[in-house]
1. Looking at region 46-81 only, could you name the residues that are part of a loop (DSSP other than H, G, I, E, B), within 24 Å of Phe13 (Cβ to Cβ) and either over 15 Å from the mean Cα position of the chain (by Cα) or of a type in the set (A, V, I, L, M, F, W, C) (or both)?
2. Has region 159-166 got at least one residue that is free of Cβ contacts under 8 Å to residues at least 60 places away in the same chain and either among the acidic types (Asp, Glu) or not assigned by TED's automatic domain parsing to the domain that holds Gly70 (or both)?
Amino acid sequence: MGYDVEGSDGSAFAVKRAAELAAEQGHSIRFLRARWATLGKTAGRKYDCIHNDSFAWITTRRSLKTAARGIGSALKRGGKFVFTGVDQWSQDSDRSRLIEEQFEQEGPFEVLPLYECDGVRLTVIIAREKTPDGVLGSRVHIIDDHGSVRVEVARVLDAYKWTWTDYNDVLRSSGFSELYSLREKGVGPEPYILNVAVK
């Protein structure tokens, strides 16, 4: 589509694997290892747009502000930070209802399809529980690396900890001038909603 795209992650493994996957698809994409707080310094350039699909998973307000400042430091003036999470049409009082709906939709347990690459097999089991802040998913990763099996557990709080008011306060105090939501056509009957913060 003519975009000059780069990617980043805090994990060295994720950066390496992303570069391999891009190359397999015939794309030459620069990937860098950077945490959100240091993105501007590590990237060494400014972007027109930064998309982040896990901003809503940040667990503390301090970390949310640190991430917002770091992402903002890598944007040009007028640049856009695109992320998911609660939107401008949500009421702060909707959190309990949204948590119930998400838990009902996803269910308490899920086993993801087996993933295999270069002889390494990964099975992921997710056990979910409702909390006052959102749906907490304990992701159990069973990794069979050529016969050597290990287990890694990651606990991820899916959505709804933050309200629209939280996003607005944190982003504006981090140098963003505007915040709004967009409804895009999704793959199913429901629209896909993205939030946009303008630097």
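1. Residues of region 46-81 that are part of a loop (DSSP other than H, G, I, E, B), as a first pass: 46, 53-54, 58-60, 74.
Next cut, within 24 Å of Phe13 (Cβ to Cβ) only: 53-54, 58-59, 74.
Matches in region 46-81: Ile58, Ala74.
2. From region 159-166, those free of Cβ contacts under 8 Å to residues at least 60 places away in the same chain are none; that's our starting set.
No - not one qualifying residue is present in region 159-166.
The values are calculated or read from the model by the stated rules, or taken from the named source; none is laboratory data. All figures in this text were calculated on a predicted structure; none of them were measured in a lab. When we count neighbours, we look across all protein chains shown, and the Cβ atoms used for this are built from the backbone with ideal geometry, even at glycine.
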